[in-house]
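The values are calculated or read from the model by the stated rules, or taken from the named source; none is laboratory data. Nothing here was measured: the structure is a model prediction, and the numbers come from that model. Positions of Cβ are backbone-derived with ideal geometry, glycine not excepted, and every protein chain shown enters the neighbour counts. The area values use the complete protein model at the heavy-atom level, side chains included, leaving out ligands, DNA and RNA. Shrake-Rupley method; radii C 1.70, N 1.55, O 1.52, S 1.80 Å.
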Amino acid sequence: MDTTQLLVTAIGLIIMVFVGWFFFLAPHQRAAAVSSAAGVQQVDITVKGGYSPNVIEVKRGEPVRLNFYRDEESSCSEELLMPDFHIRRDLPAFQTTAVEFLPKEVGKFEFTCGMHMLRGSVVVR
């Protein structure tokens, strides 16, 4: 192997490590849902290259409303999947889409974009 091949291999490995860290090990932004006077737990989530916050804490047995504001036109984020709650929603660009459900069980439930690249989770306590 010559110097150029070693350099290209090293750069490729660095990129692979960064991609793995970005999608699986990057720090999470947590938010606890705030209950309204009507007893609905709410959190506002911005969708722009990911979900912010991407870990949502809610209480079991109380209705939840997640307000997704999609602040981009990327095709990856145009769809939201929450398979444990049987939810699939289109997220129009530059609009807020409310997603409501009732968490009946304690646990951690993931949500993703339609391509499964953007990830978040709902932690029910």
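Nearest-5 percent of antiparallel DSSP beta bridges in segment 16-121? Restricted to segment 16-121, the bridges split so that about 65 percent are antiparallel.
Here the chain is assigned +1 on the Cβ of each Lys and Arg and -1 on the Cβ of each Asp and Glu. Its dipole about the Cα centre then comes out at about 480 debye.
In this rough spin-label picture, where each label sits 7 Å from Cα along the Cβ direction, the ILE15-ASP44 distance is 3.8 nm.
When nucleic acids and ligands are ignored and a 1.4 Å probe is applied, THR46 ends up with an accessible area of around 60 Å².
Candidates GLY107, PHE24, ILE87 compared by Cα position along the dipole of the chain: farthest toward the positive end lies GLY107, with charges placed on Cβ. Kindly express, to the nearest 10 degrees and within the range 0 to 90, the angle between helix 3-20's C-alpha long axis and the longest C-alpha principal axis of the chain. It is inclined by approximately 10 degrees. Applying a DSSP loop filter and a limit of 11 other Cβ atoms within 10 Å to the trypsin sites (Lys or Arg not before Pro) in segment 56-111 leaves LYS104. Projecting the Cα atoms of ALA98, VAL122, VAL47 onto the charge dipole of the chain, computed from C-beta unit charges around the Cα centre, puts VAL122 farthest toward the positive end. Approximating the spin labels as points 7 Å out from Cα along Cα→Cβ, the SER35-to-ALA93 distance works out to 4.0 nm. Ranked from largest to smallest solvent-accessible area, with a 1.4 Å probe on the protein heavy atoms, MET1, MET117, MET82, MET16 come out as MET1, MET16, MET117, MET82.
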